[in-house]
1. How do the peptides 116-123, 74-81, 7-14, 353-360 rank, highest first, by the average count of neighbouring beta carbon atoms within 10 Å per residue?
2. Once R0 is set to 41 Å, what does the formula 1/(1 + (r/R0)^6) return for the Cβ-Cβ distance between Glu241 and Tyr17, expressed as a FRET efficiency to the nearest 0.05?
3. What does the accessible area of Glu146 come to, in Å² to the nearest 10, when a probe of 1.4 Å is used?
4. So if I take the centroid of the Cα atoms in the range 6-53 and the same for the range 213-289, what is the distance between those two points in Å?
5. Phe302's amide H: which non-local residues (gap 5+, or another chain) put their own amide H closer than 5 Å, with H modeled 1.01 Å from N in plane and none for Pro or chain starts?
6. Skipping prolines and chain starts, which residues have an amide H placed within reach, meaning under 5 Å, of the one on Asp188, given they are 5 or more residues away or on another chain?
7. Rounded to the nearest 0.05, what FRET efficiency is calculated for Glu267 and Gln125 with R0 set to 56 Å and r the Cβ-Cβ distance?
8. So how much slack lies between Phe250 and Ala177, counting 0.36 nm per residue of separation and subtracting their Cα-Cα distance, in nm?
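The values are calculated or read from the model by the stated rules, or taken from the named source; none is laboratory data. This is a predicted model, so every value here is computed, not measured. Quick reminder, even Gly has a Cβ in these numbers, built from the backbone with ideal geometry, and neighbours come from all protein chains shown. Protein only, heavy atoms only, side chains kept; ligands, DNA and RNA dropped before computing areas. Shrake-Rupley method; radii C 1.70, N 1.55, O 1.52, S 1.80 Å.
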Amino acid sequence: MTDAPNPKPGILDIAPYVGGKSKIDGIAEPMKLSSNENMLGAGEKARAAYEAAVRNIHIYPDGRATKLRAAVAEHHGLEPDRLIFGNGSDEVFALLNQTYLTAGDNIVSGQYGFLAYRISALANQASVRSAPEPDYKATPEALLAEVDERTRIVYVSSPSNPTGSYNTPEEIRALHAALPGDVLLVIDEAYAEYVTEPDWETSFGLARDSENIVVTRTFSKIHGLGGLRIGFGYAPLKVCEAVDRIRLPFNVSVPGIEAAVAALGDEAHQIASRELIHSWRPRLTQAIRGFGFDVLPSAGNFVLVRFRDPAHAAAANDHLNTRGIIVRPVGGYGLPECLRITVGTEDQNRAVIDALSEFAAADGTGRKA
Ligand SMILES: Cc1ncc(COP(=O)(O)O)c(C=O)c1O
């Protein structure tokens, strides 16, 4: 017994989330390629809407985000009442966990699943069951094998971060079909807009007729609004109603709502953002493979590079840092031999390629095929 306040059981067992590093000593403006942000920035329309919203920042936001609700519903062909808005999709995961998990419950996700699902699960005294991903991909079989009578939520990200893998509609349907109806299936589509693979499709259609599927999207990636924190979930009405009881009423801000609405209407910026990734993801992949390093196939706006071992990855990371480039070590995901690199602008990608080329030449240990 101490006199200091004690956090609830489980809280101090949570490893603090470590965000993408943004500074390198001695380098004034490093290239930050560590958080899968949109390196083109926000579009002109979103910026203008954000600036115009300054006039109204003394007013509390509309708690239902009605304007954004209507815009998202229209853009994606969804029913407005079935949307949950959050301070980033991270908050949507936290709200779902808070709504559905009690002590002793569990969530299931892939071994390399996005860490945000886990943190709030643990905060609700639930545990996390991880399905093995020997091929860097969460399969329906492996996820289902982890589901037990205390499982309340299964999280799948497609495309997945940090691996870049994705699930086909057949896999998602098989997973959903085998899940008990009282288990929520959350399909995180944060990187949906970057997918080129013909055998991927959004799960909005599957979710429409289900009572236990939530599909999440974010404004942080293709729309370039990571700093404004807006995401949403498309959920069954009953889920929306339950979540709305605990959602803080003003969780999405006035400028956030305005900028997100404008971003949805800025098709040119969405196309430019997508094309940047579509043209550079394969070039970056090929160039890095050419230096002898493994690069996993990616459906997102990033690539995962696999080095010989953790020390080799750390040396590559240090070298990139000396060139003013910040990428993401992913030891926290159990992948200490890998670095995740956001696909950036042409100049940024060329800088990454040059730096890794130097590293491979100096190190001489890139795994040549
Ligand atoms: C798989 C995945 N889901 C969700 C998010 C979070 O998005 P938001 O910025 O909307 O919280 C990220 C961000 O990196 C992500 O990688």
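1. On the way: 116-123: 21.4, 74-81: 12.9, 7-14: 10.9, 353-360: 19.0.
My ranking of the peptides, most packed first, is 116-123, 353-360, 74-81, 7-14.
2. Values: r = 29 Å, r/R0 = 0.71.
Computed FRET efficiency for Glu241 and Tyr17: 0.90.
3. Accessible area of Glu146: about 40 Å².
4. 14 Å
5. Correct list: Val343.
6. Sorted by chain and number, the residues that satisfy this are Val156, Ser157, Ser158, Thr216.
7. Working: r = 45 Å, r/R0 = 0.80.
Calculated value: 0.80.
8. Numbers: separation 73, 0.36 × 73 = 26.28 nm, distance 3.59 nm.
Full-extension gain reported as 22.7 nm.
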